[in-house]
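> Structure in structure tokens, see below.
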Amino acid sequence: SVKDGVSYKIYTDRSHMIPLAKIEELAGISRPEVMKPDDVLLDEHGAPVGYTMRFVADAYSLCQLFTMAFKQRNGVTQDKVAKMVENMQEVLLHVHEHGVLVVDLNEMNLLADKDFGLVSWIDVDSWQTPGFPATAIMDSVRDWNAKSFTELSDWFSFAIVTFQLWMGIHPYKGSHPQVKGLKERMAANLSVFNRAVGIPKMCPPLDSIPDKYRAWYKAVLEDGQRILPPSAVGVSAAVMPRIQIITGMDHLSIAEFLSFGHDMLHFVALGPHKLAFTAEGLYVDKTLYKRDRKSVV
């Protein structure tokens, strides 16, 4: 039930009540987009039977935004999709910073606001916290090449859902001449980036996705890599150095410190180390760790 902007979730079967210890482990998440438990509801005997959380009004289930008709009818441009994707990315980073995994990161548990800028996260009961394992996951967002749930398996699910926001199709659907099943296509990394896969003409072209995200989607969904999204890689580098204007080339000394045999996808400096993600694999400083498409992160 809902009253004065507050949603009351009461369990008819009290055995399904989220443990109080798990509520405490979720309490550190402060992003308002996450609909986590606020106050615990008790019965007349003082036993917990439910909880309150903020109510999201005038929202759309994210899966509604996957169709071209809905986007055209409601003016959901690719710029608005970009804002929602970036917002979701920021929230997921925040959740991970508190030691929590979403695991069941699917389009039914995400709500877009009426302005198509912010995305709310619901059904946090099933999330994985340090003391409690995840309790649910949809097959369509599961990383079938992972042996356990990790932050990177969350980012794989994030890739699945946000790709559908851009393209209106699950990245492992479309048609393939030999491999038909969704689970089999996911396990084999046979995505719509594969030349053998055909997609409906109603879908926009792949190059309608911004370059940096398109490269990341291909790396994760087709090449089997498990890496952070592009803008998430540089989030830690938030402190901007003071800019010094240099006039004259006599003040500069230019030297090559790293080179790669393939195009570089992402680069990040972590303390004294330089990490570069390429199509060939991961370079840590000058050492190459080649990618194994069959490996499990």
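> Do we find that Asp125 is open to solvent by 30 Å² or more (accessible area, probe 1.4 Å) and touching a residue at least 40 places away in the same chain (Cβ under 8 Å) in this structure? Reasoning before the result, please.
On the way: open to solvent by 30 Å² or more (accessible area, probe 1.4 Å): no; touching a residue at least 40 places away in the same chain (Cβ under 8 Å): yes.
Against the criterion (open to solvent by 30 Å² or more (accessible area, probe 1.4 Å) and touching a residue at least 40 places away in the same chain (Cβ under 8 Å)), Asp125 does not qualify.
> Can you spot a residue in the range 184-206 that is assigned to a loop (DSSP other than H, G, I, E, B), open to solvent by less than 20 Å² (accessible area, probe 1.4 Å) and not aliphatic (A, V, I, L, M)?
Scanning the range 184-206, I find at least one residue that is assigned to a loop (DSSP other than H, G, I, E, B), open to solvent by less than 20 Å² (accessible area, probe 1.4 Å) and not aliphatic (A, V, I, L, M), so the answer is yes.
> Right, here's the next one. Taking the range 69-94, which residues are open to solvent by less than 20 Å² (accessible area, probe 1.4 Å) and basic (Lys, Arg)?
Within the range 69-94, Lys71 is the sole residue that qualifies.
> Also: Any residue in the range 89-113 that's on the phi > 0 side of the Ramachandran plot: show its pairings with residues that are of a type in the set (A, V, I, L, M, F, W, C) and open to solvent by 10 Å² or more (accessible area, probe 1.4 Å) at Cβ separation under 7 Å, as long as the two are six or more apart or on different chains.
Val103/Ala134; Val103/Ile137; Val103/Phe149
> Here's a follow-up. Given the criteria open to solvent by less than 40 Å² (accessible area, probe 1.4 Å), touching a His at 6+ places or on another chain (Cβ under 7 Å), free of Cβ contacts under 8 Å to residues at least 40 places away in the same chain and under 30 Å from Gly75 (Cα atoms), does Val141 qualify?
Judged against the criteria, Val141 is not a match.
> Next question. Restricting to the range 29-55, count the residues that are farther than 20 Å from Asp113 by Cα, assigned to a loop (DSSP other than H, G, I, E, B) and open to solvent by 40 Å² or more (accessible area, probe 1.4 Å).
Qualifying residue count, the range 29-55: 5.
> Testing Val103 on (1) open to solvent by 40 Å² or more (accessible area, probe 1.4 Å); (2) part of a loop (DSSP other than H, G, I, E, B), one condition comes back false. Which one is that?
Here Val103 clears every test but (1).
> Can I ask one more? Consider only pairs whose beta carbons are under 8 Å apart and that are at least six residues apart or on different chains; among these, list those whose first residue lies in the range 66-88 and is within 11 Å of Val119 (Cα to Cα) and in a helix (DSSP H, G or I) and whose second residue is open to solvent by 50 Å² or more (accessible area, probe 1.4 Å) and at pLDDT 95 or above.
Met84/Leu118; Asn87/Leu118
> Looking only at residues in the range 5-28 that are closer than 23 Å to His45 by Cα and part of a loop (DSSP other than H, G, I, E, B), which one is least open to solvent (accessible area, probe 1.4 Å)?
Ile18
> Given the criteria modelled with pLDDT of 95 or more, more than 22 Å from Ala57 (Cα to Cα), of a type in the set (Asp, Glu) and open to solvent by 50 Å² or more (accessible area, probe 1.4 Å), does Glu97 qualify?
Answer is yes for this residue.
> Within the range 153-162, is there a residue that is surrounded by fewer than 20 Cβ atoms within 10 Å (Cβ to Cβ) and not in a loop (DSSP other than H, G, I, E, B)?
no
The values are calculated or read from the model by the stated rules, or taken from the named source; none is laboratory data. No experiment lies behind these values; they were computed from the predicted model shown. For neighbour counting, all protein chains shown are included, and Cβ atoms are generated from backbone atoms with ideal geometry for every residue, glycine included. Side chains included, ligands, DNA and RNA excluded: accessible areas come from the protein's heavy atoms. Shrake-Rupley method; radii C 1.70, N 1.55, O 1.52, S 1.80 Å.
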